[in-house]
Every structure is written in structure tokens, then in C-alpha cells.
Amino acid sequence: MKKKGLGSAGVTLVLIFGVIFVAQPPINTISDSPDPVEVPGYTNITADISGATAAYVQIYYPDGTLEGNHSMSSSGYGTWFYNASYAYPAPLGVYNYTVEAQDAGGWSHSAVYNFTLQDTTPPSSSVNALTSYWYNTNATVTATASDNYAVDQVTLYYRYSSNNGTWGSWVSFATDTTSPWQWEFNFPQGDGHYRFMTRAQDAALNLEPSPSTYDRQAAYDHLPPSLSSITATPSTQTQGCQVNISCQSTDSGVGIDALYVEVTYPDCSTANFTMNYKHCTTFWRTECYTQVGTYDYTIYAVDKLGNGITSSVYHFTITSDGDTTPPVTTATLDPSSPDGPGGWYISPVEVTLSATDDDSGVDYTKYRIDNGSWLTYGSPFTVSSNGQHQVDFYSVDNAGNVEATQHVTFKINISSPVTTCTLNPSAPDGDNGWYLDGVNVTLSAADPDGIDYT
């Protein structure tokens, strides 16, 4: 019996498939504007991208490091943009960038583009107001400077005039590289007038143009006023009457502030008087003086900056009516008595002269040694030569009365006597240095002031 089964017919399967190619979004055009970018400023990077769902721009600094990966904004119709703003301290130079776009199919990448960040604008600066016009020490000068990017340095310039009329050329004083911009100005050309300006340079080496005029002006005066024609009129006046002290004084700088006269009285007390201004350059002071004797006076002139000068010492004399008595002078020796035998000094002798006058006062004292020239006495003097000495002296008072000449005598012997020995026979008359008979010995002593004993 036969079994039924499947026939030998076959089954054929046909597989049908397709390959779908998904393209990344095409980046059609890229532009940036403005280029170059003047700081502070911005550039707009715009890309035309078809079908993108996102876009980014990667920007690189001039040294190649990444500045940032920035998401771009879509304005519709395939336009994407990013605004990049730059200011200090963003480095100047060429910035490279690329754009990346994304859609469902993946990412697309642009070629490398670039823009330039630059600074072509020079900085500006000016000198700030000074604390004074006149100086007699260094002046602190400050300046203000600004730039669209960054100020790198500021240079202070000055020009000089001795008369505030004719000015020299501009001279560079110093450059400050750190804010605040400041200089210690030492008035390098001395007394006179100075004008100031500054010029700044920025980090891009843009140099500020020379200004058309100066910013500030100052003057320097460290010299005191001058003094001349110092006179006391009359130079000898009667007790209780007036003496006028006058002088000439000028100042080529800031100007005279005041003149003073300091008077030292015969009793060594002092008084200070402000002098009066007469006209042009004349100053004067008139006072009555009652003490009899010699007065010393000095004049002090000071300008408005405190620069001062003091004159030499000058003199005038006040006398009393009817003074006919001469002064009295005494001499004192040191040692007060001879320190050697026979009334001799064996050391130098110091002589001190002291004069007194109860009326008009002592004007001067004269002395001479051993009939030598007359000298004006000022302080103790010493006599040290050997021999007998005489010192003559006298004094004159302020009324002209002359003391009779006086004298003091003393004798000095500082040197020791000299003794010599003579033999007779003068040499040995025997062998080997022996004398054959008696020898006569003679001693001779010498001294300019005499021998006491040997």
C-alpha cells in the first residue's frame, strides 16, 4: 500500500531591501564682520547651513589655545550666527575659528576661518593739577591716561624758562610703566619756570601724538633773597637818639616775604624788629637806643617759600653826653707767677687783657709784644720765646677816650743750659790710651739767660 506525502515542488524566498543614505547638513557659506575688529568691539560670525538642528563655532586665541565652543543662534531660513565681543585683556592678533553643524545624520565641519582683533587707536593722557605753583623741593607730578585697550606706559616731558618768557625745547624726564602714573620731579635745570605734558603708549605700541600745548606749569626757587648796602645811620649816636638801619634786598623767584633785624645790646641782651618796606628794594628800621656802648646787628631776609639768608655782623655805637673818662685795662698772666727759680718762667705765658668803661663802653683794645707792631686784641695770646718780654697795651672807649699805655713784663727760660768738658792734654800721652801725668779738666756752661751753677 502507498503512503501519500508531499510532492517534490520547492518554495523560493525573495528578499528586497534598500540602502538609505542620510547626508550631514551642508555648510554653504561662512562670513564674519567686521574684520578686523577694533577693540573694544565685536564680530558677527554668520553661517548658511541647510537643514541643521544645531550649530557651534569654536574660536581659538592667537596662540592656538581654545577661546571657547559657542552655540550659534538660528535666525531661520538656514542662517546661523554668533556675536563675539572683545575687550582688554583679550589678546590682540589673528583668531582662527571653525563651524560645526548637526542634524539627524550627524555632524559636518567647516574649513578654518579667521578674523583679526586689533588696536590702532592711540591713548590719551594729561598732567593732573599740581598742589602749588612755586616749589623749593621736589614736586610730585601725577597724570591721568586712558586707552580703548590698555595703557602700557606714560612719559613725562618738561620745558624750561629762566624768565617765564623764552622757553626751551621739550625734554623727556622719565617714563612710568605702572599705574598710578607718577613722578618725583626734581627741577633738573634749577631755579626757573617749568611746563609739563605727557605722552602715553598703549599695549599695541600706539603712541599718543604730541599735544599742541602744555598741561601744567610750575616754578622752582631754592635761593634766598639778596642783601646789600647794609648801613646804620649814624654809625655813632648819642644816648637816647635814633639809629636807622637800612639795606637793599631783592628776590628773583617767588618774592620777598619779610626782613628782620636782630640787635644785640652792649649788655648782651637781644631784640628782633621787623623791617619796613620803603620802595623798590629798600627796607629800614629806626629805633632809639639808651644803653651806652657798641651794638651788633644782623639782618635776616626770607622769601615766601622760606628760603632765608642772614647777613654778616654789623655795628653801631651809642655814646653818653660828657664822657671824658678813658677805659681801664688790666693784664692777667697764666701762670700767675713765675714757675721757675729767680723769677723766671720755665713754660709759655698766656696773657689775657680785660678792659672796662662805665660810660660809653669799650670800643677796642690794642697791644704789642717787645715793641713790635700794634695789634687789636681779640682773645688771650701766648708768649713762648726765651728772654725778657714786655707787653704794652691800652684801650679806647666809644666816646674816643684813649687810655694811657700800660705794660707788663716777664722773663721766660724754657731751654736748658749747655755744658762742655775740655781735657788738657786733650789726648792721652801714653800707650794704650793712658795718660802719663795729671789731666786738667775744664767745664764750661752756656745759657742765653745766664748760669746759676754747674
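Derivation of every value follows stated rules applied to the coordinates shown; laboratory data play no part. What you see is a predicted model; the values in this text were computed from it and never measured. Every residue, glycine among them, receives a Cβ derived from its backbone with ideal geometry; neighbour counts consider all protein chains shown.
Of the chymotrypsin sites (Phe, Trp or Tyr not before Pro) found in the stretch 31-106, the ones in coil according to DSSP and having at most 10 other Cβ atoms within 10 Å of their Cβ are TYR77.
Can you give the alpha-carbon Rg of the stretch 141-297 over 2.2 N^0.38 Å, where N counts its residues? In units of the globular-protein estimate, the stretch 141-297 measures up at 1.74.
Between TYR61 and ASN163, the FRET efficiency estimated from the beta carbon spacing at R0 = 51 angstrom works out to 0.35. Is the stretch 124-220 rounded, prolate or oblate when judged by the Cα gyration tensor, a ≥ b ≥ c being the square roots of its eigenvalues, rounded requiring a/c under 1.5 and prolate requiring a/b larger than b/c? Because a/c hits 1.5 or more and a/b exceeds b/c, the stretch 124-220 counts as prolate. Here the mean projected area of the convex hull built on the C-alpha positions of the stretch 197-276 is 10.1 nm².
Computed over the Cα atoms of the chain, the ratio of the radius of gyration to the Kirkwood radius (Rg/Rh) comes to 1.55. Using a Förster distance of 25 Å, how high is the FRET efficiency between THR264 and SER228, based on the Cβ-Cβ distance and rounded to 0.05? Given R0 = 25 Å and the Cβ-Cβ separation, E is 0.70. Run the paramagnetic zone check for THR454: 7 angstrom along Cα to Cβ, then residues of the stretch 389-421 with backbone nitrogen under 19 Å. Correct set: 415-421. One decimal place: the segment THR121-ALA445 gains 105.9 nm when fully extended, by the rule 0.36 nm per residue minus the C-alpha distance. Each Lys and Arg contributes +1 and each Asp and Glu -1, all at the Cβ; summed about the Cα centre of the chain, the dipole is approximately 3640 debye. Which of rounded, prolate or oblate describes the stretch 358-454 when judged by the alpha-carbon gyration tensor and an a/c cut-off of 1.5? Since a/c reaches 1.5 and a/b is larger than b/c, the shape of the stretch 358-454 is classed as prolate. The length gained by stretching the chain between GLN217 and CYS288 to full extension, at 0.36 nm per residue less their Cα-Cα distance, is 20.8 nm. Diagonalising the gyration tensor over the Cα atoms of the stretch 328-412 and scaling each eigenvalue by 5 before taking the square root yields semi-axes of 27, 12, 10 Å, largest first. Cut-off 19 Å, label point 7 angstrom out along Cα-to-Cβ of THR382: give me the residues of the stretch 389-414 whose amide nitrogen falls inside. Once the point is set 7 Å along Cα→Cβ of THR382, 389-391, 410-414 turn out to lie under 19 Å by backbone N, inside the stretch 389-414.
A full extension of the chain between ASN44 and ILE414 corresponds to an added length of 122.0 nm, given 0.36 nm per residue minus the alpha carbon distance.
In whole angstrom, how far apart do the alpha carbon centroids of the stretch 237-270 and the stretch 283-357 sit? Computed from Cα coordinates, the inter-centre distance equals 20 Å.
Antiparallel beta bridges, as assigned by DSSP with both residues in the chain, represent about 95 percent of the total such bridges.
Applying 1/(1 + (r/R0)^6) with R0 = 35 Å to the Cβ-Cβ distance of SER373 and PHE273 gives a FRET efficiency near 0.30. Note on the stretch 328-412: antiparallel DSSP beta bridges, both residues inside, total approximately 95 percent of the bridges counted. What would the Debye equation give as log₁₀ I(q)/I(0) for the stretch 258-408 at q = 0.13, 0.18 Å⁻¹, counting only Cα atoms as equal point scatterers? Reported log10 I(q)/I(0), two decimals: -0.76, -1.04.
A simple spin-label model places the labels of SER179 and SER73 3.1 nm from each other, with each point 7 Å out along Cα-to-Cβ.
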